[in-house]
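Below is one structure, written out as structure tokens, with a few remarks after it.
Bear in mind that the values in this text are calculations on the coordinates, not laboratory data. Only a predicted model underlies this, so the values are computations on that prediction, with no experimental measurement involved. A quick note on method: Cβ atoms are made from the backbone with ideal geometry, for glycine too, and the neighbour counts reach across all protein chains shown.
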Amino acid sequence: MDTVLYQAFGGWQIQKDGNPYYEADYEVEWNDCKTLAQIETEAVEDPDHKWEAILNLPLRGGTWTRNSDGSWLLTESNLGFA
């Protein structure tokens, strides 16, 4: 839950029902990016949706889907975009 949802050469995107919900701007400082815990707080308040955290890095990628119990399960893994 302490994961910082940064954006650099790759990074994180949060989707809600398959649509972009949060993605840090490239110019945002590390300490100003949201964390997965902050997204979880928002998801608890709006639980009737599909929430996904998507990591897209040059050599690694994956998708975590939020379950109704508040856990995030790795549902897809890939070798990145490079």
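Overview of results
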read-out	value
Two-decimal ratio, segment 43-82, of alpha-carbon radius of gyration to 2.2 N^0.38 Å	1.33
Estimated 222 nm signal from helices in the chain, with DSSP H stretches of n ≥ 4 weighted -39500 (n - 2.57), rounded to 500	-3500 deg cm²/dmol
FRET E, pair residue 73, residue 26, Förster distance 30 Å, beta-carbon r, rounded to 0.05	0.55
Cα radius of gyration and Dmax for segment 7-78 (Å)	12.1, 34
